[in-house]
Amino acid sequence: MTELAKSFEPLEIEGQWYERWADAGTFKPSMATDQPAYCIQLPPPNVTGTLHMGHAFNQTIMDGLIRYHRMKGDNTLWLPGTDHAGIATQIVVERQLADQGVSRHDLGRAGFVEKVWEWKKHSGSTITGQMKRLGSSCDWSREYFTMDDNLSQTVTEVFVRLYEENLIYRGKRLVNWDPVLGTAVSDLEVVSEEEDGSLWHIRYPLVETDAVKGLTHLVVATTRPETMLGDVAVMVHPEDERYQHLIGKSVTLPLCNRQIPIIADDYVDKEFGTGVVKVTPAHDFNDYAVGQRHGLAQISILTLDAKINEESPEKYQGQDRFAARKAVVADLEAEGFLESVKPHKLMVPRGDRTGAVIEPMLTDQWFVAMSKADEKTGKSITQKAKDVVSSGEVKFYPEQWVNTYNQWLNNIQDWCISRQLWWGHQIPAWYGEAGEIFVAQTEAAAYEKAKAAGYKGTLKRDEDVLDTWFSAALFPFSTVGWPKETPEFNAFLPSSVLVTGFDIIFFWVARMIMMTTHFTGKVPFKDVYVHGLVRDAEGKKMSKSEGNTLDPVDLIDGIPLPELLKKRTTGLRRPEKAPQIATKTEKEFPEGIPAYGADALRFTFASLASLGRSINFDQKRCQGYRNFCNKLWNATRFVLMNTQDKDCGVNVQAIVELSFVDRWIISRLQELEAHVATHFDNYRFDLAAQALYEFVWSDYCDWYLELTKVQLQQGNEAVQRGTRRTLLRVLEVVLRLMHPIMPFITEELWQTVAPLAGRKLTEFIAQASWPLPDASRLDQKSVAAMEQFQALINACRTLRSDMQLSPAQKVPLIVKGDEALLKEWAPYLMPLAKISELNVVEELPVTQAPVQHLGTMSFMLHIELDPVKEQQRIEGELAKIEPELARLIGQLGNPQFVERAPAHLVEQSKARVIVLEEKRAAFLKQKEQSLSI
RNA sequence: GGGUGCUUAGCUCAGUUGGUAGAGCACUGCCCUUACAAGGCAUAGGUCAGGAGUUCGAGUCUCUUAGCACCCACCA
């Protein structure tokens, strides 16, 4: 006989189960082809990363789905992996090297990449270890890393194919350049924020004085005066009367003494600034487009680390862009070209990883042609991606995200996929000495191609690597064996659902859909479940610099305040914020964080998983669900106490008698089973969690358990057996229903409960079958009886409470009503409503005792009390009845309602009126009588 | 400039084809009743952001106003 601890201690039970499940092969797909396949791809976390709240939330959802489908008997796979995360990882390792005074250039490319691999081996498994603490049941035997040989081969394969299809090209384009990292980044990796800057008005002297209006110069407005060194024109709106006559003339570019033309382009907004715009094609995206339209030169003025280059006036050469700005402004002022400086708010683009101001830079890069039709289908990859969503092959939950998705695809630019980094998939392109390009899987193959093209010299491989999101776009098929048609490819592509935050719809979701449909003709996944971002209790975004992050593991294990303070205040980008963060933390967590356990944390996430945009994580919620775990724990203790070593009517053909109470809880259980499954199917974890919470706490614990005490004490053998069996079986089923959300506690309890319930058919609950509702076990009569019974108990309790009776004081109850029914209820009624004796009568006696009316029943607690108090109570009851009655009578008096509303609603209202009128009459009568005493 | 959400009890949020407003937490009162004080029982608290419309009936559908949040693009 095992005895459970007196209260739920998560840390004591969570330890062993994960390893045991994994060792038993529980997490592996059955690969049974006669079962439906269910597959989720884990969005691979950065190999450098640690588990944050977003992961924990995300994985709670995925693990819930996976465990649910596994229990349903599906061929279920949760495929894990980690991402090499090019930029992020390179930054981390470079920083570590910098601490030792070493730069990556000291090591050279090969040496540096080796260092990264070393670092990956050393700390790469942090996050997977944390995932296991959470209970995430991935099939680790299939874990991949995006730089594994087979995946890398797929990347090159895809690159080569796209190149051969003319969907990848190389060219000199203006791209977003991060001068700190020294690499191009894609549009998505640039975030613009409004910052304070200035608008400088600069005079550009006209070469010939204006004969019409006598102007000697034009004034241009700019937020980036240093870029004037690269100006190749000034432009005005073609219909701008102020300047129209000057179009085709020239101005002299100050400081450079170049003459540049005045051109017309309707891109110019006449209302903004002076209506005259400088044109710098090499350093501004709009100017670049203007330059293309007008066939202008592109004068680059910056080196790749954002210093003024050698083509610019000597004076500024080598100066950093910000220093150069000051110098240029100072010189303009000194030479009388500066007309004014005004404060101006502008959007400054910054790299999302470095925070460095992004510089549009003319460089050679590789691009994916997003809008170019391929030869086979005549459709662009963008079009294909739109088609599968509009056809419903890929469904978004919630649906509204389709808008966002389409809107982005409709305005898409070609994707810059080359990065000037060392960590990542090196681009499989080789160059001949005269710039010939040979794209091939391997160097040998490149030489072959070169030879075939008549090139005999040496080849040099492209130094650049691919954007991490390029390889990420291929996961749905690269991880299941493509281009081979493996069993996994057939079973798990498309996967069942992608669970992800909306923040990476563009980065990842859209690109996976593009690449997968293009290469395999299949969609990558059937559903996309888009959830919100986890925020702190106040709804603020969690960020290290704000010091409001929570570590999921700290919520599981608990953390004392000093440690939490240390965690939140060390390694800050702005250390001066530390005291403020410390104060806030102390206020929010005066005693640190207690150990809530993985189950409570998961249940919290599940209950917060509504379909909104953000999830505010309040630890109080977590505490509430830890209490819920404790409730379940103690309910199980109660059940075990009453069933272990006793005849539970499970194994033998014993005679078993079920009361209306037993039948009621069994009926409720059937409903619960149906609801929970529906909620899982609809990705409504919040509703599933709520249904489980309510059933366990209210129905099972508050009502059923209390009522079984009566049956166990007073019932005959058959009733006791029936009670024990029902207690066990309901609990056993509930444990299975909760297992997808709370794997640990349910496993722990199930191990003891299931054998008693005669249901231990598998070693672990993790392998047990999903409970299915059985309509034949629904007993509406018992459900209705229970409803009435509960109403009676509640009414008695309310009376007692209103009369301020001590719970210890038992009083007689006098009832007018169905005698047979009341006799059946009496044994339950007496302890629950603290009744000393029950008298069924024809008419209630006329006294001052409190009376209540319920349907056709009237009853009174036989106590003496203050008549004034009772009068007040009656008035209160009447005051509650009147407005509802008035509303209903009004409704029924409206012929249009009676005519047009559904018949059952009209009947319902009529019935309710009768009930209320009887109740009112009874109270009025009572009021009269008591006054007459 | 284009787009998308949100506004319901003190707080955080549910509310599924329109049919008498719900939960958790917090609050109040009474209880150490042998599963659980991480608990039990019972209260209290909302003109569903404002306005208009459709309807017998609107938190729910339409329009509109205000506030908030977010996404995309961007004026030099």
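Taken per residue, the accessible surface of segment A:58-166 reaches 37 Å², heavy atoms only and a 1.4 Å probe. If you count Lys pairs in segment A:802-933 whose Cα atoms are under 15 Å apart, skipping same-chain pairs closer than 8 places in sequence, the total is 6.
Under 1.5 on a/c is rounded, so check that first for segment A:683-776, then, if it is not, pick prolate when a/b is larger than b/c and oblate when it is not; a ≥ b ≥ c are the square roots of the alpha carbon gyration tensor eigenvalues. Oblate is the answer for segment A:683-776, as a/c is 1.5 or above yet b/c matches or exceeds a/b.
For segment A:4-62, taking the reciprocal of the average inverse distance between every pair of different Cα atoms yields a Kirkwood hydrodynamic radius of 15.0 Å. Among the listed pairs A:Lys28/A:Lys384; A:Lys120/A:Lys577; A:Lys132/A:Lys541; A:Lys6/A:Lys631; A:Lys172/A:Lys460; A:Lys384/A:Lys522, a Cα-Cα separation exceeding 22 Å is found for A:Lys28/A:Lys384; A:Lys120/A:Lys577; A:Lys132/A:Lys541.
Amide hydrogen proximity for A:Leu77: with H placed 1.01 Å from N in the peptide plane, the residues at 5 or more positions away or on another chain lying under 5 Å are A:Tyr38, A:Cys39, A:Ile40. So what does A:Lys584 come to for accessible area, using a 1.4 Å probe and Å² rounded to 10? We get 100 Å² for A:Lys584.
In this rough spin-label picture, where each label sits 7 Å from Cα along the Cβ direction, the A:Gln767-A:Thr216 distance is 9.4 nm.
Which residue, A:Ile417, A:Ile381, A:Tyr431, has the largest displacement toward the positive end of the dipole of segment A:334-440 when charges sit on each Cβ (Lys, Arg +1; Asp, Glu -1)? With unit charges placed on the Cβ atoms, the residue in question is A:Ile381. A simple spin-label model places pseudo-atoms 7 Å from Cα toward Cβ; at A:Ile247 and A:Ala334 they are separated by 3.9 nm. Our coupling estimate for segment A:513-521, obtained by passing each phi through the Karplus curve with A = 6.51, B = -1.76, C = 1.60 and θ = phi - 60°, is 5, 4, 5, 5, 5, 5, 8, 10, x Hz, Gly and Pro reported as x. Candidates A:Val175, A:Ile202, A:Ile260 compared by Cα position along the dipole of segment A:159-291: farthest toward the positive end lies A:Ile260, with charges placed on Cβ. The Rg/Rh ratio of segment A:383-511, with Rg taken over Cα atoms and Rh as the Kirkwood radius over Cα pairs, comes to 1.07. Accessible surface ranking for A:Val180, A:Val696, A:Val207, 1.4 angstrom probe, highest first: A:Val180, A:Val207, A:Val696. Sequence-ordered 3J(HN,Hα) estimates for segment A:849-854 from the Karplus curve with 6.51, -1.76 and 1.60 and θ = phi - 60° stand at 5, x, 10, 9, 10, 9 Hz, glycine and proline given as x. Among residues other than A:His294 with Cβ under 11 Å from its Cβ, the summed charge is -1 (Lys and Arg +1, Asp and Glu -1).
Ligands, DNA and RNA left out, the 1.4 Å accessible surface of segment A:494-623 is 52% carbon and sulfur atoms.
Its Kirkwood hydrodynamic radius, worked out from the mean inverse distance over all distinct Cα pairs, puts chain A at 33.9 Å. Length gained on full extension, A:Asp148 to A:Gln413, computed as 0.36 nm times the residue gap minus the Cα-Cα distance: 92.4 nm. Potential lengthening of the chain between A:Arg912 and A:Glu194 amounts to 252.4 nm, from the contour at 0.36 nm per residue minus the alpha-carbon distance. Under 5 Å between amide hydrogens, built in the peptide plane, is the criterion, and for A:Gly501 it picks out A:His531 among residues at least 5 positions away or on other chains.
Probing with 1.4 Å while keeping every protein chain in the model, the per residue accessible area of segment A:503-551 equals 33 Å². This model, with +1 at the C-beta of Lys and Arg and -1 at the C-beta of Asp and Glu, gives chain A a dipole about its Cα centre of some 860 debye. Which FRET efficiency value, to the nearest 0.05, do you get for A:Ala820 and A:Asn651 by plugging their Cβ-Cβ distance into 1/(1 + (r/R0)^6) with R0 = 35 Å? Calculated value: 0.50. The charge dipole of segment A:413-561, taken about the Cα centre with unit charges on the Cβ atoms of Lys, Arg (+1) and Asp, Glu (-1), comes to about 440 debye, rounded to the nearest 20. Taking every DSSP helix (H) stretch of at least 4 residues in chain A, weighting each as -39,500 (n - 2.57) and dividing the sum by the residue count yields a mean residue ellipticity at 222 nm of -14000 deg cm²/dmol. In this calculation the C-beta distance from A:Glu706 to A:Lys540 is compared with R0 = 45 Å, giving a FRET efficiency of 0.55. Taking the Cα centre of each part, how many Å lie between segment A:193-259 and segment A:624-667? That distance is 86 Å. Taking 13 Å as the cut-off, the amide N atoms of segment A:626-647 that come nearer than this to a point 7 Å along the Cα-to-beta-carbon line of A:Ala5 belong to A:630, A:633-634.
For the pair segment A:301-351 and segment A:1-69, the centres of their Cα atoms are 56 angstrom apart. Rolling a 1.4 Å probe over the heavy atoms of the protein chains gives segment A:761-822 an accessible area of 53 Å² per residue. With θ taken as phi - 60° and the Karplus curve 6.51 cos²θ - 1.76 cosθ + 1.60 applied, the whole-hertz 3J(HN,Hα) list for segment A:131-145 is 4, 5, 4, 6, x, 4, 9, 6, 8, 5, 5, 9, 4, 10, 10 Hz, x standing for glycine and proline.
Keeping the other protein chains in place, figure out the carbon and sulfur percent of the accessible area of segment A:17-156, with a 1.4 Å probe. Reported share for carbon and sulfur atoms: 48 percent. Normalised by the number of residues in chain A, the average gap of Cα pairs under 8 Å and 6 or more apart makes the relative contact order 11 percent.
Close amide H pairs (under 5 Å, H built 1.01 Å from N) link A:Ala264 with A:Val236, residues at least 5 positions away or on another chain. Relative to one another, the C-alpha centroids of segment A:591-623 and segment A:404-427 are positioned 35 Å apart. Grab the Cα-Cα distance for A:Asn634 and A:Asp269, subtract it from 0.36 nm times how many residues apart they are, and report the gain in nm with one decimal. So the extension gain works out to 124.2 nm. For A:Tyr828, the accessible area of its heavy atoms, probed at 1.4 Å with every protein chain present, is near 20 square angstrom. Of A:Ser152, A:Ser610, A:Ser776, the residue with the largest accessible area leads and the full order is A:Ser776, A:Ser610, A:Ser152 (1.4 Å probe). Any idea what angle helix A:743-756 forms with the longest principal axis of chain A, computed on alpha-carbon atoms, 0 to 90 degrees, nearest 10? With both axes taken from Cα atoms, the answer is about 30 degrees.
Principal-axis analysis of the Cα atoms of chain A puts helix A:717-738 at an angle of about 10° to the longest axis.
Accessible area of A:Arg626 (1.4 Å probe, protein heavy atoms only, ligands and nucleic acids ignored): about 60 Å².
The values are calculated or read from the model by the stated rules, or taken from the named source; none is laboratory data. From a predicted model like this one, the values you see are computed outputs, not experimental measurements. Glycine gets a Cβ as well: all are built from the backbone with ideal geometry, and neighbour counts include every protein chain shown. All accessible areas refer to the heavy atoms of the entire protein, side chains included, with ligands and DNA or RNA removed. Shrake-Rupley method; radii C 1.70, N 1.55, O 1.52, S 1.80 Å.
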